[in-house]
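Visitor: I have a structure I would like to understand better, so I am pasting it below and will then ask my questions one at a time.
The values are calculated or read from the model by the stated rules, or taken from the named source; none is laboratory data. Since we're looking at a predicted model, the values are computed, not measured. So basically every Cβ, Gly included, is an ideal-geometry build from the backbone, and we count neighbours across all protein chains shown.
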């Protein structure tokens, strides 16, 4: 089934968790009910091997397996965005595996190496693109310190289709957008809470971890922003802020913890997170999460 990739990219990029079984091995089948609900609600693009998927805690073998399994579980219902990154050889291997699995595009994590140069990142992206046979690329930008000029250089590379902007700097986003070709798609990469600010300077769509447990709320926020109804969007966001506040604690070390704890409380256990992520939630965090789930009528959801 053919999908409109441009439309999907400006929708909700649902960053899927990576489930583990009782022995700590990946258990992608546990995503089936999560995907069914999210896609049924209208999620535009599932994302595998994103940060909410604990990408940096997975081996490259596990990441390759996850993209194959997620594409199979989605079964043509939506285009899948496959995250790739780490060292260049791992990134290229995962890019090839993602293309072979049937991913519609790649999300390239910003290289975390302590010695990263903007021109070296150009070489990195070119190698990843070649390995994936020219699949469209979304840059996942978490650090805008490389500067607007370097961002424009990256966006000018063959195959780069857009940027998931994950730095809390809307003004720098507006500046980068103005410096790049109009064909580049700019997506809010800091979930629902930051989406209105990014929309205000020209981004469209946003990433979401909430999609794992409450896709209907994510879709309602997206619809409000697309209609230009910021008051409604902000009111809807206020109703899920507690969830994001928990995820932002401990230097964001509870980011995935919050999602997996919520899923477990809803009867959709996807296992713990792997260190160095925090696990489990503290008593205070857990109480706040359960209050949020109860107030949102999510604890009554079927397992």
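Visitor: Looking at (1) at pLDDT 95 or above; (2) out of contact with any strand residue (DSSP E or B) (no Cβ under 7 Å at 6 or more places or on another chain); (3) in a loop (DSSP other than H, G, I, E, B); (4) closer than 19 Å to residue 185 by Cβ, which one does residue 153 not meet, given that it meets all the others?
Guide: (3)
Visitor: Turning to a different aspect of this structure: Please state which one of 241, 260 is farther than 26 Å from residue 36 by Cβ, in contact (Cβ under 8 Å) with a residue 12 or more places away in the chain and under 18 Å from the mean Cα position of the chain (by Cα).
Guide: 241
Visitor: Looking at the stretch 139-150, which of the residues that are more than 22 Å from the chain's Cα centre (by Cα) and surrounded by 15 or more Cβ atoms within 10 Å (Cβ to Cβ) is farthest from residue 188 (Cα to Cα)?
Guide: 150
Visitor: Pick out, from the stretch 191-303, the helices (runs of 4 or more DSSP H) lying fully within it that include 3 or more residues that are on the phi < 0 side of the Ramachandran plot and surrounded by 18 or more Cβ atoms within 10 Å (Cβ to Cβ).
Guide: Correct list: 191-200, 215-226, 230-238, 241-247, 255-265, 283-295.
Visitor: Residues that are farther than 25 Å from residue 266 by Cβ, in contact with a helix residue (DSSP H, G or I) (Cβ under 6 Å, 6 or more places away or on another chain) and crowded, with 20+ Cβ neighbours inside 10 Å: does the stretch 7-28 have at least one?
Guide: So far as the stretch 7-28 goes, no, none of its residues is farther than 25 Å from residue 266 by Cβ, in contact with a helix residue (DSSP H, G or I) (Cβ under 6 Å, 6 or more places away or on another chain) and crowded, with 20+ Cβ neighbours inside 10 Å.
Table: residues versus (1) modelled with pLDDT under 95; (2) within 21 Å of residue 198 (Cβ to Cβ); (3) out of contact with any strand residue (DSSP E or B) (no Cβ under 6 Å at 6 or more places or on another chain).
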residue	(1), (2), (3)
2	yes, no, yes
19	no, no, yes
22	no, no, yes
25	no, no, yes
30	no, no, yes
42	no, yes, yes
53	no, no, yes
